[in-house]
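Okay, so here's the structure we're looking at.
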Amino acid sequence: MDLTPNCSRADTPGKCAGETLFIRDMQFQGALDAVTIRSRSRRANILKIELPEMPEGYFMVDASDIPGRNHVVFFRDPCPYFAENRVNYIGQPIMLVVGPDIRLVRKLAQEVRIDYDDLPAINTLEEALEGKVPPLYKDDNVYAEEIFKYGDVEQAFSDAAEILETLTRTGYQEHLYMEPQGVVAVPEGDRMTVYASTQGPHAMRLTLAGAFGCDPERFRIRQTPIGGGFGGKIEPPFILAGHAAFAARKCGKPVRLTYSREEDLLSTTKRHPSRVVVRTALNEKKQIIALDVDVVFQAGGYALSCAMVLDTGLKKATGVYHFPAARARGRAVATNNPMSGAFRGFGAPQIFFAVETHMNALARKLGKEPLAFKANYFIRQGDPTLTGGAYHFHVALPEVVATVKKISDYENRIASLPDARDRLFGVGQALFNFGAPFSMDTQIPPANRAVGLLKREDGTVQILSELVDMGQGLCTAFRKIVAKTLDIPIERVVYHDVDTDHVPPVTITGASMSVVAIGRTLKNAAEKLKPRLNDPGEIRVIEQCQQPPHVSWNGIKQQGEPFHSYVWGAIIAEVEVDTVTWQVLVRNLWMALDIGRAIDTRIVRGQIDGGAIQGLGYGLLESIPPDAMIASLADYVVPTSLDAPAIESVLVENLYPEGPYGAKCAGEPPLVGVAPAIADAVANACGIEVARLPISPEYLMQRMIEKP
Amino acid sequence: MVAGITFCPETIQTAARAKADGGILYAGGTDIMLRHAQSIRTGQSVPFIFLNAVTELKRVVVGGSKTRIGAMLTMSEIARSPDMPDLLRRACSTVGSPALRSTATLGGNICTASPAGDSLPALYVLEALVELRSPTKTRLIPIDSFISGPKETVLATDELLAAVIIPDNNLKRFHHRKVSPRTANAITKVSIAAAATIEDGIMKDIRLAFGAVGPTVIRCASLEEELRDMPTEGLAGTISYWKRRVEKLIEPIDDLRSTAQYRRITASGLFQEFMNTITRQGEG
Amino acid sequence: MTVSIPFELNGAPVQANVCPETRLMDVLRDPFGLTGTKEGCGEGECGSCTILLDGQPVLSCLTAVGAVRGRPVTTIEGLRSTPGFALLSRALNDAGAVQCGFCTPGIIMVAYALLRDFPAPDEKTIRAALAGNLCRCTGYNMIVEAIALAARKRGDAW
């Protein structure tokens, strides 16, 4: 088959008909329902727990029911399944009530009384750094800290004729996958099968084995259709799976644990709020001679994967620019808030908002046309990364910029902005890149990570991969790669929901690595299968993942190529600001994106449009108070069909030789630059600098009141 | 649990009696299902009295210098009915989402008595009366006396709100705007409903009401009084004064959805927008 | 208090023996086993649970089953065999408008009622009709295009 025509997705008919069974839709004979009892205190010692009288067949499950360790072993730092004596955030799980009638289970859960001895809590990242309240983590509240640099930054700043500093803040963002979290644990003899809406089936299996202190083979994870993930079904499902499995072990029956939206909003991970200070040193000619970036991410009551999110974000801290010297320092700090975690963009949205806001502010200050100003500093092929590696392949920045200017009619549009009573109009832009996948340490032997193909008796070819389709179209993209390589119709290639008994471990689905890295491995497998495709019987080809030869990464020194490949992108946004309500309406978005080669342009457009609107929500609407207390969708406002502007996107082809058919990644990049482009458009419309996300009408009004 | 309550009455009297016996009236359900979500989820709900079979509550009568709107008319029915006052139609079309508007009722919106209830500012401007019925009595009271506080009304235990009566008026210009966190399907941060009549360059009549900037909808009677019979020509020049008057009359607060400052400034901005519109349009 | 509530479900007369306060969505999903109606929020904000009541899109999470006594209720299962559904699901496929699919049945319910009542809706009408259906994957534009595509090919589907 040919890659060019777009393919129908095998999952679409069932989803339209409502026949696709999500975890809530599946029937399990004799299943009990579980409800989680959560901390109502931000930070406290638990003094006393009073339980209601439990009717026959109803159970309490708590830390004492954990056969192994009360720690989610996927994470380096402690993260208990159930609080024992201490709670670190409102919503932290303490115990479960389990039983056959969900209504009675809920009623019993309401009747549990817990007394707390409240302790002074750390509510914000400032409080975490100030140290006035006893620390939550070690002696400084810093879960993770790192510094990357090249060149002599100190010297540059002491030589500088001028220094510009910006401080930007971003808030929480909730994934708001439409399907709330859910798992079902089913005891089967000495094994247990966990059905889960998860982005990481094998990681879940290993994590459960850690909690049970047993052989991972005792667990089988079956991924159910995922009603949206965006990174939000990486970390929380580990906790749900543990809870359901402990309960199933105790009761000897299947246990279903599904969150209500309220519970999901309150207790699951969100994008890390940030505070970023960017400084540039300028010489007499007003040229940038050094960049210094200081990033603080607000993590919550436990660290989860904050070190990784910080790390992948921080490695992008020079934006799309190369300067004579650059330094980035990052810290992730502990607060008594619900936990922040992985979310589409993985640290990049905060960093690019900070860097692009700084560059745009600097261009305005110097009176320069921003895109021309930025072009002086574009990364070029061969330039060093922040970690001493290099950008090995062609950098398509000039092309994406030229393309986005052309499709938006950029100069004319700015010159002919409308003039209206009670309205301000503006055009803004932002540039971004996205490195993916992140490199594994090449100093140590590669871990056992593989995908494969199974040619079946009937001639169909099954893809053996633990990667999940959560709507992004992965199954179709993989089927297409395999069908193209084998030169067979796509209908002959099948992809099932993941069952850890039948597919080898490869990685959690995330970090935009599926197509670029695993897709490549799959293509290698298909090339090996191809000569034997017409042989009789079953043929299984398992292919180990390998990093491409240009990647060298020393994980201990944090030196080398941080990522295998880079996507390059440019966005232009046109906004209309209502000067009565200070609401911002995005009239148009244009995006030019180099993703190498698109495996399926319609799927890629789905990623671009969806990412752009999620980015628009991040930029304008999606607001959670600093204490993260949000329990209703009435209060967490995401874009609707009426908030989505026309989006015109163009793909700039710049093949990545190590990707399958030249493909890079497309899942995360489209979100990254949208908020900074909107912020720039608002700044241009209103004649102010925008220093935080979301740009709420309240914030914008305040800025206009303060405007000199 | 209250046993033996009729859950699907067909007359107002039966419904009122069932309410007196401890049931909760269910009109469109969109508010009550949220308010009682917890008890429904635990199987502990008080009994609901479903009003959709009470045909009298769906009736609309136009004539006799008034429009009588049955309390069970839904937001979408009102929004698309040419019999309804324009201002009310516009207000009702801003409620929630289309699917919500298909069930949410006018009576329900009034009895919920939220300061952010979207039909309310329009009803205040239209000087609507509500018809309250008990098994034995009927009384008519003005909307602003019916709502006594945030989520509070003067409805007696054995009463239900049967209809809304809108007296005919001579108002010529109507204005409505709702400000909410996104384009549609969101709770109001601040809203304005207003009406005016301008004749021979004189503001013959003006009425103003604001939503979500006080414990109840705020009608600006003293300001209306001041503006009445003023020549419209000079109003643009003194608009800052009038805006300050608006800002003094409203009582916004900080909450999860917005700030007092934002609501105050936006409310006076909405007022200015209204004044600009009507003075620009000239006579009528 | 459990009572017997007769109503019409996907064209057939049925009885639900439940408390009338029970959410319609819960009754549809169990005992009737119609799991195409999804719970995305349970508070009337997301539209995933949209069904048709008297032919109009209604949120089944904010509807108590007592309110549907004697009235026709249609779920996605009841639309499956209609020409309108076939048209819409093909258009959603062709426009690439289905990603995770959790919101899709609710969107089809709304689109079905829209195209039944408005044979040729403009983009603004389509967007307004969808304003209560949250989709976090697609950014909506491809859904709007799908519905416009279905409208163009409408023929005598309704």
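Compute, for the range A:109-233, the length of the dipole vector about the Cα centre, with Cβ point charges of +1 (Lys, Arg) and -1 (Asp, Glu) only. Units Debye, rounded to 20. Display every interim value, and only then the final one.
Values: 11 positive and 22 negative charges, 217 e Å.
With only Lys, Arg, Asp and Glu charged at Cβ, the dipole is about 1040 debye.
Relative to the Cα centre, what is the charge dipole magnitude of chain B, using +1 at the beta carbon of each Lys and Arg, -1 at the beta carbon of each Asp and Glu, and rounding to the nearest 20 debye? The partial results should precede the final answer.
On the way: 34 positive and 29 negative charges, 135 e Å.
Result for chain B is approximately 640 debye, rounded to the nearest 20.
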**Prompt:** Taking the Cα-to-Cβ direction at C:R152 and at B:T14 and moving 7 Å from each Cα, how far apart do the two end points lie in nm?
**Reply:** 5.3
**Fill in**
The simple spin-label model distance between B:D83 and C:M1, using points 7 Å out along Cα→Cβ, in nm, is 3.3
**Prompt:** Sequence-distant or interchain residues sharing an amide H contact under 5 Å with A:S552, placed H: which?
**Reply:** A:E561
**Request:** May I ask which residue of A:I608, A:P645, A:L621 lies farthest towards the positive end of the charge dipole of the range A:590-648, with charges of +1 (Lys, Arg) and -1 (Asp, Glu) on Cβ and the Cα centre as origin?
**Result:** A:I608
**Request:** Would you mind checking the pairs B:K58/C:K38; A:K455/A:K530; A:K455/A:K484; A:K149/A:K270 and listing those with alpha carbons more than 20 angstrom apart?
**Result:** B:K58/C:K38; A:K149/A:K270
**Asked** Rg to Rh for the range A:438-509: what is it, with Cα atoms only and Rh by Kirkwood?
**Response** 1.02
**Request:** Would you mind working out the magnitude of the charge dipole of chain C relative to its Cα centre, with +1 at each Lys and Arg C-beta and -1 at each Asp and Glu C-beta, to the nearest 20 Debye?
**Result:** 280
**Message:** What are the extents of the Cα atoms of chain B along their three principal axes, in Å, largest first?
**Reply:** 65, 45, 30
**Fill in**
Rounded to a whole number, the mean other protein chain Cβ count within 10 angstrom for residues of A:573-583 is 4
**Request:** From other protein chains only, count the Cβ atoms within 10 Å of every residue's Cβ in B:20-31, then give the mean.
**Result:** 3
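Please give the FRET efficiency for B:D229 paired with C:R116, using the beta carbon to beta carbon distance and R0 = 56 Å, rounded to the nearest 0.05. Walk me through the numbers on the way to the answer.
Working: r = 52 Å, r/R0 = 0.93.
For R0 = 56 Å, the calculated efficiency reads 0.60.
Looking only at other chains, what is the average number of their beta-carbon atoms within 10 angstrom of each beta-carbon in B:253-264? List each step's numbers first, then the result.
Values: counts 0, 1, 1, 9, 5, 3, 6, 0, 4, 9, 1, 0.
Per residue, the number of nearby Cβ atoms from other chains is 3 on average.
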**Request:** Based on a Kirkwood Rh over C-alpha pairs, give the Stokes-Einstein translational diffusion coefficient of the range A:479-518 at 25 °C and viscosity 0.890 mPa s in µm²/s.
**Result:** 207
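How about the range B:86-168: which trypsin sites (Lys or Arg not before Pro) there are in a DSSP loop, with at most 12 other Cβ atoms within 10 Å of their Cβ? Could you put the intermediate results ahead of the total?
Working: sites: B:R89, B:R90, B:R101, B:R133, B:K137, B:R139, B:K151; in loops: B:K137, B:K151.
Those that pass, being in a loop and sparsely packed, are B:K137.
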**Request:** Determine how many Å³ per residue the convex hull of the Cα atoms of the range B:1-143 encloses.
**Result:** 113
**Item:** Positive-pole candidate from C:C46, C:T63, C:P119, dipole of the range C:12-132, charges at beta carbon
**Value:** C:P119
**Prompt:** In degrees between 0 and 90, to the nearest 10, how far off the longest principal axis of chain C does helix C:104-117 point, with axes built from Cα atoms?
**Reply:** 80
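Past 22 Å, Cα to Cα, is the threshold; run A:K107/A:K233; B:K178/B:K248; A:K374/A:K664; A:K285/A:K368; A:K316/A:K664; A:K286/A:K406 against it and keep the listed order. Could you put the intermediate results ahead of the total?
Values: A:K107/A:K233 28 Å; B:K178/B:K248 20 Å; A:K374/A:K664 24 Å; A:K285/A:K368 13 Å; A:K316/A:K664 17 Å; A:K286/A:K406 29 Å.
Listed pairs above 22 Å: A:K107/A:K233; A:K374/A:K664; A:K286/A:K406.
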**Request:** Report the one residue of B:A163, B:P181, B:A196 whose Cα lies farthest in the direction of the positive end of the charge dipole of the range B:156-215 (charges on C-beta: Lys and Arg +1, Asp and Glu -1; origin at the Cα centre).
**Result:** B:P181
**Request:** Return one quarter of the surface area of the convex hull spanned by the alpha-carbon atoms of the range A:444-571, equal to its mean projected area, in nm².
**Result:** 9.9
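Which GluC sites (Glu not before Pro) from the range A:228-329 combine a DSSP loop assignment with at most 13 other Cβ atoms within 10 Å? Present the calculation step by step, with values, prior to reporting the outcome.
Working: sites: A:E262, A:E263, A:E284; in loops: A:E284.
Loop-located and lightly packed - A:E284.
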**Request:** Evaluate the Kirkwood expression for the hydrodynamic radius of the protein assembly as shown, namely the inverse of the mean inverse distance over all pairs of different C-alpha atoms, and round to one decimal in Å.
**Result:** 31.2
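Can you compute the FRET efficiency between A:L655 and C:K124 using 1/(1 + (r/R0)^6), with r the Cβ-Cβ distance and R0 = 41 Å? Round to the nearest 0.05. Write out the running numbers ahead of the final one.
Details: r = 40 Å, r/R0 = 0.98.
Working from the Cβ atoms, E equals 0.50.
Quick one: grab the alpha carbon gyration tensor of the range B:107-214, order the square roots of its eigenvalues as a ≥ b ≥ c, and give me rounded if a/c is under 1.5, else prolate or oblate depending on whether a/b is larger than b/c.
Working: a/c = 2.68, a/b = 1.30, b/c = 2.06.
Because a/c hits 1.5 or more and a/b fails to exceed b/c, the range B:107-214 counts as oblate.
Bear in mind that the values in this text are calculations on the coordinates, not laboratory data. Bear in mind that the values here come from a model prediction, so they are computed numbers and not experimental data. FYI the Cβ positions are ideal-geometry reconstructions off the backbone, even for glycines, and counts take in every protein chain you see.
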